[in-house]
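One structure below.
No lab work stands behind these numbers, since they all come straight from the coordinates. None of these values were measured; they are calculated from a predicted model. Here Cβ is always computed from backbone atoms with ideal geometry, including for glycine, and neighbour counts include all displayed protein chains.
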Amino acid sequence: MQLSALLFDVDGTLADTERDGHRVAFNAAFKAAGLDWEWSPALYGQLLEVTGGKERIRHYLNTVNTDFHLPDDGDTFIASLHAEKTRFYTELLGRGEVPLRPGVERLLNEAREQGLRMGIATTTTPANVTALIENTLGADAMRWFEVIAAGDIVPAKKPAPDIFQYAMQQMRLVPDECLAFEDSGNGIRSSTAAGLKTLVTINGYTRDHDFSDAVSVLDHLGDPGNCCRSLAGMPPSAGFVDVAYCQQLHAQS
Ligand code: XBP
Ligand code: MG
């Protein structure tokens, strides 16, 4: 089957959002709620093993801040804290504080020009996707993606395959028509379990994750004059990820 669609993860893939974006927003929400919780870059890196902000807060309380007494309506408490975090995060994106990673805008435009379909498959909250896309690519760019599969739209977050399966179902695609883009161990476990070939671009938090199932591992997507470095798999002959390279990866058995 030929390559018909690119399916993109968001956090860590389209933009390096975690350390200086989501983490900062979590800490701002904790402070606004009068909580003395402070997630350092190192602690946040550990907490990232759990996807989903609400799930991550609960994981923190279950494993790190075990002395904190969660109110009886713990789910409501966490959900309202997370809603405040999302407000801080979308404001941070609105200030342009998180740029797209190298090569992302170029590849998205090249894919559009060459008629490749595109979708988003992410664990983050839908509002966060809108804020990132609109603040980096403009409001029209939301229409570049046929589906924004995000957050609680599926019962199980990554590493479960649900979010990628949902995106393909909405786009009426099968895995053999697609190539997935991810950045983390949870992400590639999700995309691989959904039957997808996956290109990985690592980042500071995920460089030591297991990407043995990836068809290619790069330090970023690259641009003309800013070549990417291949860490596993066939390197891109142009020195950056273009549609031709995506088609070569997709054609690999
Ligand atoms: C990354 C996640 C998200 C973000 C925080 O998602 O696991 O939970 O860390 O966003 P992905 P929320 O890599 O799949 O894009 O607080 O909205 O969950
Ligand atoms: Mg990610």
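Within segment 3-13, count every residue that is near ligand 1 (Cβ under 8 Å from one of its atoms), in contact with a Lys or Arg (Cβ under 9 Å, 6 or more places away or on another chain) and of a type outside the set (Asp, Glu).
Filtering segment 3-13 for residues near ligand 1 (Cβ under 8 Å from one of its atoms) gives 9-13.
Imposing the further condition that a residue be in contact with a Lys or Arg (Cβ under 9 Å, 6 or more places away or on another chain) reduces the set to 9, 12-13.
Checking the rest, the ones that are also of a type outside the set (Asp, Glu) come to 12-13.
So the answer is 2.
Residues are listed down the side, and each one gets a yes or a no for (1) farther than 26 Å from Ser190 by Cβ; (2) over 16 Å from the mean Cα position of the chain (by Cα); (3) crowded, with 16+ Cβ neighbours inside 10 Å:
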position: Ala79; (1), (2), (3): no, yes, no
position: His82; (1), (2), (3): no, yes, yes
position: Arg95; (1), (2), (3): yes, yes, no
position: Thr125; (1), (2), (3): no, no, yes
Q | Cβ pairs under 9 Å, 6+ apart, first in segment 150-161 and in contact (Cβ under 8 Å) with a residue 40 or more places away in the chain, second of a type in the set (Lys, Arg) and within 15 Å of ligand 2 (Cβ to nearest atom) | A | Gly151/Lys157; Lys158/Arg189; Pro159/Arg189
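Please determine, by comparing only the residues of segment 16-72 that are basic (Lys, Arg) and within 16 Å of ligand 2 (Cβ to nearest atom), which one is surrounded by the fewest Cβ atoms within 10 Å (Cβ to Cβ). Even if it seems obvious, please write down each step before you answer.
The first filter runs over segment 16-72 and keeps only residues basic (Lys, Arg), leaving 19, 23, 31, 54, 56, 58.
Filter again for within 16 Å of ligand 2 (Cβ to nearest atom), leaving 19, 23, 56.
Numbers: Arg19: 17, Arg23: 23, Arg56: 22.
Step by step, filter segment 16-72, then rank; the result is Arg19.
Restricting to segment 106-147, count the residues that are in a loop (DSSP other than H, G, I, E, B) and more than 20 Å from Ala83 (Cα to Cα). Break it down stepwise before answering.
Initially, segment 106-147 is screened for residues in a loop (DSSP other than H, G, I, E, B), giving 114-116, 123-125, 138, 145-147.
Those left that are additionally more than 20 Å from Ala83 (Cα to Cα): 114-116, 138, 145-147.
So the count comes out to 7.
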Q) Take the residues of segment 172-201 that are part of a strand (DSSP E or B) and either within 15 Å of ligand 2 (Cβ to nearest atom) or at positive phi (or both): which is nearest to the chain's Cα centre (by Cα)? A) Glu182
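Looking only at segment 51-105, count every residue that is assigned to a loop (DSSP other than H, G, I, E, B) and of a type in the set (Asp, Glu) and tell me the total. Can you show your working first?
Our first condition is that a residue be assigned to a loop (DSSP other than H, G, I, E, B); within segment 51-105, this holds for 51-52, 64-73, 95-99, 101-103.
Next, from what is left, pick out any that are of a type in the set (Asp, Glu): 67, 72-73, 97.
The total comes to 4.
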Q: Output the number of the condition that Gly45 fails; it satisfies all remaining conditions of (1) within 17 Å of Thr125 (Cα to Cα); (2) in contact (Cβ under 8 Å) with a residue 24 or more places away in the chain; (3) part of a helix (DSSP H, G or I).
A: (1)
